[in-house]
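Q: Structure incoming, see below.
The values are calculated or read from the model by the stated rules, or taken from the named source; none is laboratory data. These figures come from a predicted structure and were not determined experimentally. Cβ: placed from backbone, ideal geometry, glycine included. Neighbour counts: every protein chain shown.
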Amino acid sequence: MMNVEIYDTLSHKKKRLEPLDNTVRIYHCGMTVQARPHVGHLRGYIVMDALRRFLRWKGFGVKLIQNITDIDDKVIEKSRAEGIDWRMLAERNTQELVYVTSALNVEPPTVMPRATQHIEEIIRLVSLLVDKKHAYESAGDVYFDVRSYPRYGLLSGKNIDDLESGARVDPSENKRDPLDFALWKSAKPGEPYWFSPWGSGRPGWHIECSAMSTHYLGSGFDLHAGGEDLVFPHHENEIAQFEAATGEPFAKSWMHVEMLNLSGQKMSKSTGHVITARDVLEMYDPNVLRMFILRVHYRAQTEYSFEGMEEAKSAWERISTFLTGVESSLDEHNIVLEYPEFESALADDFNTPKATALMFELVRQGNEALAAGEISKLKEVSAKLNLALDILGFKPRRERGSENLDKLVSIILEFRTELRKAKSFEWADKLRDAIQGAGLVLEDTKDGSRIRFK
């Protein structure tokens, strides 16, 4: 079986995935849910979804953990600004994430843990650090003693002395060293809190991921993934906390997905410099966004733009137009289980640009076979293309005019009409949003409602 190699941020080289029991254990840092997901978030979710599908096709089991940070300074601040309970804010934005990822054909993770579900594990890890003198309590807060961990800075390549020269201490913090970071924060008036050996409070951001990842995957799991902007300090701190507490290795390899920028700047929920995921899905077929993301290597920065999305739209239309031609020309289809060139591209640091280029070469060959009436060649090419599309998570629409589809559309429209008659407008609107999220258009006319493909 062909080896799968991923570039490891820690060792600065491609590293072979070698799971002990043929199950690849992956932790992917998910969203902090102070705001609705934007298109920048979706790059990581789409890349990890495609990687997971590829690994399964290679014969691996995959255990994928994608967390939700539902308690954090930003969550508290945003809930106050909106005048709603922090739990309502977190739940609303979590459900929005589930909705848009489902619309994008992103499979749910094995587990999607929330930080607030793992306070017990977090307190246990902080207690270990305090007992081993790697952390200290100060006025109800608990801080990690960075200088107690000699390997600090290995992931990011940062020198601890250089970090010290630029460090600043917030007057509200009670830490000994500017480099130390919070593991547990004492509760301020009006803030959510949990009881702990150090008083009422809540966890720091970094300790949450160390606790959740190892709770589900154990120590030395195969791959820790996340955005490139998390290398420092978040991922650096995750390593330091866990390894100082346990003396065990944290993660074997680190995979970082580069930023999706907007107007030359990183998308940021805090500044509002974003395009929401829902806005993109209302403008484009989900396959178009997946094409836009996967045509660029995950370790290369890219720019979100109208021009780029239109190019991806044209690219996807080339594929869907070819598939439509194949459907009308073939009475039966071949199935292939192997595609060595495609496998080789993805096994080499998940080179999706090379893999998508191979797909378009298949379309070119297929169109030639279609024009020449070479049925055997057409079957071979379409089978490979369908395999490639499936591995990367694309979801072509087929048999649009079928009798069964027409019946399903009629049932949906009838159900929505009954909801509106019963004045259940909220549920009727939710059904409309679900229809649109599936890449369809629902139109209400004087003659009734209808559903059409975009």
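Q: If you scan the stretch 297-319, which residues turn out to be under 16 Å from the mean Cα position of the chain (by Cα) and surrounded by 19 or more Cβ atoms within 10 Å (Cβ to Cβ)?
A: 298
This table checks each residue for (1) touching a strand residue (DSSP E or B) at 6+ places or on another chain (Cβ under 6 Å); (2) within 30 Å of residue 243 (Cβ to Cβ); (3) among the hydroxyl-bearing types (Ser, Thr, Tyr); (4) surrounded by 15 or more Cβ atoms within 10 Å (Cβ to Cβ).
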position: 83; (1), (2), (3), (4): no, no, no, no
position: 99; (1), (2), (3), (4): no, no, yes, yes
position: 109; (1), (2), (3), (4): yes, yes, no, yes
position: 148; (1), (2), (3), (4): no, yes, yes, yes
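Q: Would the stretch 32-49 turn up any residue that is within 10 Å of the chain's Cα centre (by Cα), under 30 Å from residue 189 (Cα atoms) and in the same structural domain as residue 187 (by TED's automatic domain parsing)? It would help to see each step written out before you state the result.
A: Quick first cut of the stretch 32-49, residues within 10 Å of the chain's Cα centre (by Cα) only: 40-49.
Keeping just the survivors that are under 30 Å from residue 189 (Cα atoms) gives none.
For the stretch 32-49, residues within 10 Å of the chain's Cα centre (by Cα), under 30 Å from residue 189 (Cα atoms) and in the same structural domain as residue 187 (by TED's automatic domain parsing): absent.
Q: Turning to a different aspect of this structure: Quick check: anything in the stretch 64-76 in contact (Cβ under 8 Å) with a residue 40 or more places away in the chain, surrounded by 18 or more Cβ atoms within 10 Å (Cβ to Cβ) and within 22 Å of residue 389 (Cβ to Cβ)?
A: yes
Q: Answer with yes or no whether residue 377 is modelled with pLDDT under 80, farther than 24 Å from residue 283 by Cβ, surrounded by fewer than 17 Cβ atoms within 10 Å (Cβ to Cβ) and more than 27 Å from the chain's Cα centre (by Cα).
A: Details: modelled with pLDDT under 80: no; farther than 24 Å from residue 283 by Cβ: yes; surrounded by fewer than 17 Cβ atoms within 10 Å (Cβ to Cβ): yes; more than 27 Å from the chain's Cα centre (by Cα): yes.
So residue 377 does not fit the description; no.
Q: If a residue counts only when it is under 32 Å from the mean Cα position of the chain (by Cα), under 28 Å from residue 83 (Cβ atoms) and outside the structural domain of residue 72 (by TED's automatic domain parsing), which helices (runs of 4 or more DSSP H) contained entirely in the stretch 113-224 have at least 2 such residues?
A: Numbers: elements: 119-131, 160-166, 205-217.
Fully inside the stretch 113-224 and qualifying: nothing.
Q: Further question: Suppose the filter is at pLDDT below 75, under 33 Å from the mean Cα position of the chain (by Cα) and charged (D, E, K, R); does residue 403 pass it?
A: On the way: at pLDDT below 75: yes; under 33 Å from the mean Cα position of the chain (by Cα): no; charged (D, E, K, R): yes.
Taking the combined requirement at face value, the residue does not satisfy it.
Q: One residue is enough: does the stretch 337-357 have a residue meeting the conditions under 17 Å from residue 5 (Cβ atoms), polar (S, T, N, Q) and not in a helix (DSSP H, G or I)? Please lay out each step first, then the result.
A: Taking the stretch 337-357 and keeping what is under 17 Å from residue 5 (Cβ atoms), we get 340-355.
Okay, now just the ones that are also polar (S, T, N, Q), so 344, 351-352.
Checking which are not in a helix (DSSP H, G or I) leaves us with 351.
Yes - at least one qualifying residue is present in the stretch 337-357.
Q: Identify all residues within the stretch 155-178 that are modelled with pLDDT under 95 and among the hydrophobic types (A, V, I, L, M, F, W, C); write none if there are none.
A: 160, 163, 167, 169 - these are the residues of the stretch 155-178 that are modelled with pLDDT under 95 and among the hydrophobic types (A, V, I, L, M, F, W, C).
Q: Same structure again: Given the structure, is residue 338 surrounded by fewer than 18 Cβ atoms within 10 Å (Cβ to Cβ) and either within 23 Å of residue 277 (Cβ to Cβ) or not hydrophobic (A, V, I, L, M, F, W, C) (or both)? Explain how you work it out, then say what you get.
A: Values: surrounded by fewer than 18 Cβ atoms within 10 Å (Cβ to Cβ): yes; either within 23 Å of residue 277 (Cβ to Cβ) or not hydrophobic (A, V, I, L, M, F, W, C) (or both): yes.
Yes, satisfied.
Q: Shifting gears a bit: Just the residues that are farther than 14 Å from residue 38 by Cα and surrounded by fewer than 17 Cβ atoms within 10 Å (Cβ to Cβ), please, taken from the stretch 252-264. Explain how you work it out, then say what you get.
A: The first filter runs over the stretch 252-264 and keeps only residues farther than 14 Å from residue 38 by Cα, leaving 252-258, 263-264.
263, 264 - these are the residues of the stretch 252-264 that are farther than 14 Å from residue 38 by Cα and surrounded by fewer than 17 Cβ atoms within 10 Å (Cβ to Cβ).
Q: Within the stretch 325-354, which residues are within 24 Å of residue 12 (Cβ to Cβ) and either free of Cβ contacts under 8 Å to residues at least 40 places away in the same chain or not aromatic (Phe, Trp, Tyr) (or both)? Full working, then the answer.
A: First, pick out the residues of the stretch 325-354 that are within 24 Å of residue 12 (Cβ to Cβ): 344-354.
344, 345, 346, 347, 348, 349, 351, 352, 353, 354 - these are the residues of the stretch 325-354 that are within 24 Å of residue 12 (Cβ to Cβ) and either free of Cβ contacts under 8 Å to residues at least 40 places away in the same chain or not aromatic (Phe, Trp, Tyr) (or both).
Q: Just checking, which of 292, 232, 195, 250 is out of contact with any Asp or Glu (no Cβ under 7 Å at 6 or more places or on another chain) and more than 29 Å from residue 78 (Cα to Cα)? Talk me through it step by step, then tell me what you get.
A: Values: 232 fails: more than 29 Å from residue 78 (Cα to Cα); 195 fails: more than 29 Å from residue 78 (Cα to Cα); 250 fails: out of contact with any Asp or Glu (no Cβ under 7 Å at 6 or more places or on another chain).
None of the other options fit; the residue is 292.
Q: With the structure loaded, tell me whether residue 313 is part of a helix (DSSP H, G or I), at pLDDT 95 or above and farther than 30 Å from residue 98 by Cβ or whether it fails that test.
A: Values: part of a helix (DSSP H, G or I): yes; at pLDDT 95 or above: yes; farther than 30 Å from residue 98 by Cβ: no.
No.
Q: Moving on. Counting only residues that are of a type in the set (D, E, K, R) and part of a strand (DSSP E or B), which one in the stretch 246-296 is farthest from residue 442 (Cα to Cα)?
A: 252
Q: Of the residues in the stretch 1-48, how many are crowded, with 23+ Cβ neighbours inside 10 Å, out of contact with any Lys or Arg (no Cβ under 8 Å at 6 or more places or on another chain) and in a strand (DSSP E or B)?
A: Qualifying residue count, the stretch 1-48: 2.
Q: With respect to residue 52, is the statement that it is assigned by TED's automatic domain parsing to the domain that holds residue 79, at pLDDT 95 or above, part of a helix (DSSP H, G or I) and in contact with a strand residue (DSSP E or B) (Cβ under 8 Å, 6 or more places away or on another chain) true? Quick ask: steps written out before the conclusion?
A: Numbers: assigned by TED's automatic domain parsing to the domain that holds residue 79: yes; at pLDDT 95 or above: yes; part of a helix (DSSP H, G or I): yes; in contact with a strand residue (DSSP E or B) (Cβ under 8 Å, 6 or more places away or on another chain): yes.
In short, yes.
Q: Against the definition (touching a strand residue (DSSP E or B) at 6+ places or on another chain (Cβ under 7 Å) and farther than 17 Å from residue 64 by Cβ), how does residue 208 come out, yes or no?
A: Numbers: touching a strand residue (DSSP E or B) at 6+ places or on another chain (Cβ under 7 Å): yes; farther than 17 Å from residue 64 by Cβ: yes.
The answer is yes for residue 208.
Q: Under the condition of being surrounded by 19 or more Cβ atoms within 10 Å (Cβ to Cβ) and of a type in the set (D, E, K, R), which residue from the stretch 224-242 is farthest from residue 164 (Cα to Cα)?
A: Only one residue fits best here, namely 238.
Q: In this structure, is residue 328 at pLDDT below 95 and either surrounded by fewer than 17 Cβ atoms within 10 Å (Cβ to Cβ) or on the phi > 0 side of the Ramachandran plot (or both)?
A: Values: at pLDDT below 95: yes; either surrounded by fewer than 17 Cβ atoms within 10 Å (Cβ to Cβ) or on the phi > 0 side of the Ramachandran plot (or both): yes.
Judged against the criteria, residue 328 is a match.
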